[in-house]
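To start, the structure itself, in structure tokens.
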Amino acid sequence: MTRTRLLAAPVALACALLLPACSSDDSSADSTPSGSASSGSAEEFTPGTLDEDILARFSSCADIEPFVADYIDGLEAAPSSEAGENGAYCQWETPDSATDPDEIRTVGITLEPGTGVVYSADQMGGSGLTVISDADIEGAGGIAYTLEQEIAVASVAVTTVTLPEVSVTVTGGRWGDLPALDGPASVTVAKELIGI
């Protein structure tokens, strides 16, 4: 399997995770914007329970690196990585010098403003997502869920923590004997990033 195909897996998983309704046969679900309520199918929360400057804490991806240091050892920041007051898209990839397929991995962090709407587990059901119960996240009016998939040399996981104020998506997984950035570990990273 080529490096390109391996690195494409997290992107495909992210699509499936962030657009859970795309596999549904219900056209009305497909047409509902992710940031709007739909006749009681989502839980609405009033933003303001968290610091409004969550995203402004990170002026660069270097500010985010300490939160994932154990998982990005040996990786390089992707040229497309960027962070600022409006959010962050940070990705770390295997250096081009790597030749062993077992070395090929990627870790990503996406921080985005919240919409004030958090979809329930029932709204996102049927798409292979696993809800991760966490009292701190639920107490802040949010939800955490993950999607994992086995690929040739690893288990890739895309985990999202959504609160009214902010959404954090962590792309990681398990590679050999390296620390696993699976669903529970990703939730811990997300909580540390947003300070809950």
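The values are calculated or read from the model by the stated rules, or taken from the named source; none is laboratory data. Please read these numbers as outputs of a predicted model, since none were measured by experiment. As a convention, Cβ positions derive from the backbone with ideal geometry for all residues, glycine included, and neighbour counts pool all protein chains shown. The area values use the complete protein model at the heavy-atom level, side chains included, leaving out ligands, DNA and RNA. Shrake-Rupley method; radii C 1.70, N 1.55, O 1.52, S 1.80 Å.
Observations on the model:
- Of all residues in the stretch 65-114 being more than 14 Å from the chain's Cα centre (by Cα) and of a type in the set (A, V, I, L, M), the one that is nearest to Asp53 (Cα to Cα): Ala83
- Residues being crowded, with 17+ Cβ neighbours inside 10 Å, at pLDDT 90 or above and under 16 Å from Asp177 (Cα atoms) - total across the stretch 64-105: 3
- For the stretch 124-145, the count of residues that are of a type outside the set (A, V, I, L, M) and under 12 Å from the mean Cα position of the chain (by Cα) is nonzero.
- Residue match in the stretch 176-184 (condition: at pLDDT 95 or above and in contact with a Gly (Cβ under 8 Å, 6 or more places away or on another chain)): no
- Output for the stretch 49-63, where each listed residue is of a type outside the set (D, E, K, R), open to solvent by 50 Å² or more (accessible area, probe 1.4 Å) and either closer than 20 Å to Gly114 by Cα or modelled with pLDDT under 80 (or both): Thr49, Ala56, Ser59
- Scanning the stretch 124-166 for residues that are buried (at least 17 other Cβ atoms within 10 Å of the Cβ) and of a type in the set (S, T, N, Q) yields a count of 4.
- Top-ranked residue of the stretch 167-196 - restricted to ones that are small (Gly, Ala, Ser) and buried (at least 17 other Cβ atoms within 10 Å of the Cβ), ranked as nearest to Tyr89 (Cα to Cα): Ser167
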